Amino acid sequence: MVDEAPPVPGSGLRLAKIVTEVLSPATIVVLLPFAVAWNATGHKVLATILWSLVVAVFYSVLPMAFIIRGARRGKWDGHWVRERERRFLPLMMCLVSALVGLVILLVWDAPRDVLALAWSMVTVLVVCVIITKWWKVSLHATVAGGAVATVILIYGWIMAVLIPLVALVAWARVKVHDHTAAQVVVGSILGPVVGGVVFVLLR
């Protein structure tokens with residue numbers, strides 16, 4: 001059963017749909033590892049690409065491939081799985097893929113910050129799986145908030161200029177009626193708090 005009503009056509013809906021796709025968890029989880037690995041490897045191009053691709057493939061590409069395939073087979077209502085009750089399996093597959101990626105990073109002795117990022121994302125995902133059993137927290141807002149917090153921790157408060165993007169993602173998810181205001185607010189806090197704390201403790 002879908003938790004929210006369908007979106008009503010109106011001003012800003014098109015923009016909200018674009019933001020939902022462009023600043024999706026899948027996109028952010030592909031880009032974020034490059035920002036982390038670039039600093040962690042001392043700005044070494046090949047090393048940055050290697051570690052970033054491992055994280056991107058196992059934390060974003062493979063999970064999204066599974067979700068899209070499931071959507072095409074009618075197992076859920078789309079690649080963002082709007083129905084909370086059907087989110088458990090996709091999230092668990094995301095977790096399994098992430099854990100495989102984490103093992104690879106550990107075996108290959110990835111840089112500390114890359115490992116810290118991997119652990120933080122696994123931890124956030126576990127928390128989201130637990131919450132989603134009863135309530136539909138926004139994964140878009142969670143990932144966006146966690147990503148911005150991570151780059152601030154690495155590159156300093158100059159990266160706080162990215163914070164409005166979290167608000168934009170939250171607005172978009174409410175605008176398309178995939179989440180309530182409470183769900184995006186909790187997500188926006190969950191990502192930085194849980195992910196940020198784990199990242200700081202392990203880096």
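The values are calculated or read from the model by the stated rules, or taken from the named source; none is laboratory data. Just so it is clear, the model here is predicted, and its values are computed rather than measured. FYI the Cβ positions are ideal-geometry reconstructions off the backbone, even for glycines, and counts take in every protein chain you see. In case anyone asks, the SASA skips ligands and DNA or RNA and just uses the protein heavy atoms, side chains included. Shrake-Rupley method; radii C 1.70, N 1.55, O 1.52, S 1.80 Å.
When Arg73, Arg82 are screened for being buried (at least 16 other Cβ atoms within 10 Å of the Cβ), on the phi < 0 side of the Ramachandran plot and at pLDDT below 95, only Arg82 passes.
Filtering region 103-124 down to residues that are over 15 Å from Ala56 (Cα atoms) and free of Cβ contacts under 8 Å to residues at least 60 places away in the same chain, which residue is least open to solvent (accessible area, probe 1.4 Å)? Among those residues, the one meeting the criterion is Leu106.
Run down Ala65, Ala40, Ala35 and say which single residue is more than 17 Å from Ile154 (Cβ to Cβ) and either open to solvent by 40 Å² or more (accessible area, probe 1.4 Å) or over 13 Å from the mean Cα position of the chain (by Cα) (or both).
Exactly one residue qualifies, and that residue is Ala65.
Has region 159-171 got at least one residue that is on the phi < 0 side of the Ramachandran plot, touching an Asp or Glu at 6+ places or on another chain (Cβ under 9 Å) and either charged (D, E, K, R) or open to solvent by less than 60 Å² (accessible area, probe 1.4 Å) (or both)? Checked against the condition, which is being on the phi < 0 side of the Ramachandran plot, touching an Asp or Glu at 6+ places or on another chain (Cβ under 9 Å) and either charged (D, E, K, R) or open to solvent by less than 60 Å² (accessible area, probe 1.4 Å) (or both), region 159-171 yields no hits at all. Look at (1) open to solvent by 50 Å² or more (accessible area, probe 1.4 Å); (2) touching a residue at least 24 places away in the same chain (Cβ under 8 Å); (3) under 17 Å from Gly191 (Cα atoms) and you find that Val100 fails only one, number (3).
Restricting to region 149-158, what's the tally of residues that are closer than 19 Å to Val194 by Cβ and free of Cβ contacts under 8 Å to residues at least 12 places away in the same chain? Let's see the steps before the verdict.
Filtering region 149-158 down to residues closer than 19 Å to Val194 by Cβ leaves 149-154.
Subset that is free of Cβ contacts under 8 Å to residues at least 12 places away in the same chain: 152.
Final tally of qualifying residues: 1.
Restricting Val29, Val100, Val96 to residues that are of a type in the set (Val, Ile, Thr) and closer than 26 Å to Ala182 by Cβ narrows the list to Val29. Residues in region 43-52 that are open to solvent by 40 Å² or more (accessible area, probe 1.4 Å) and either part of a helix (DSSP H, G or I) or closer than 21 Å to Gly146 by Cβ (or both): Val45, Leu46, Ile49, Leu50.
Total residues in region 177-189 satisfying the condition of being surrounded by fewer than 23 Cβ atoms within 10 Å (Cβ to Cβ) and in contact (Cβ under 8 Å) with a residue 40 or more places away in the chain: the figure is 5.
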